[in-house]
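Working notes, structure below.
None of the figures in this text is laboratory data; all of them are computed from the coordinates on show. Not measured: the values here are computed from a predicted model. Positions of Cβ are generated from backbone atoms using ideal geometry, with glycine treated the same way; all protein chains shown enter the neighbour counts.
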Amino acid sequence: MYRLGSLLVAIAVAGTVGAQCPATFFEAGGGCFHVIDTGETDITWEDARETCIGLSDSEWNVDLASLDSTAQLEAFAEAWATAGADYRPYGYMWVGFTRETGEWANLDGVPLSTYSNMWREGHPHDMNMHVYIEDVTMTSGEQSKGRFYASCTMNETLERALCRAFPAA
């Protein structure tokens with residue numbers, strides 16, 4: 001959305017949303033996403049977040065990706081089917097959900113219900129404070145109604161992170 005005088009204008013033409021993303025980002029479900037792949041170097045959730053924030057510039061604020069809904073997670077999975085072809089196989093990505101005060105929430109403090117169908121079966125649990133999305137078709141061969149699910153882990157490090165950009169205010 002852009003402010004033009006006193007009018008708030010939403011650009012909603014499906015074919016142009018991706019063009020509105022920063023150069024190295026791809027569009028999925030109305031969001032601009034970028035995947036950081038460290039190769040085989042492990043990074044913590046905090047390191048992943050710092051790396052995403054480092055992609056910010058005067059036009060875009062970037063942070064670990066918070067997915068707004070199951071529909072957006074599905075849109076990301078569809079976009080990743082194409083965008084992910086240029087990446088090595090690896091089924092895990094840090095994302096911007098955390099459990100700071102006992103409740104799961106995105107980085108803006110918007111709660112993520114423990115009953116959300118974004119969670120993989122058996123998740124969330126009380127063993128960690130950070131969330132990753134997992135490509136279950138890659139990591140376990142499961143053929144289920146979804147491909148990506150949010151999970152929490154006892155692992156302290158992963159090799160990939162999903163960043164999301166928003167226009168700077």
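Quick notes on this structure:
- Karplus (6.51, -1.76, 1.60) ³J(HN,Hα), θ = phi - 60°, over the range 74-90, in Hz, Gly and Pro reported as x: 5, 5, 4, 4, 5, 5, 5, 4, 9, 4, x, 4, 8, 10, 5, x, 6
- Our coupling estimate for the range 22-27, obtained by passing each phi through the Karplus curve with A = 6.51, B = -1.76, C = 1.60 and θ = phi - 60°, is x, 3, 9, 9, 10, 8 Hz, Gly and Pro reported as x.
- Two-site label geometry, Asn155 and Asp108: point separation in nm, points 7 Å out along Cα→Cβ: 2.9
- Sorted by Cβ density within 10 Å, fewest first, the residues Phe166, Phe97, Phe33: Phe166, Phe33, Phe97
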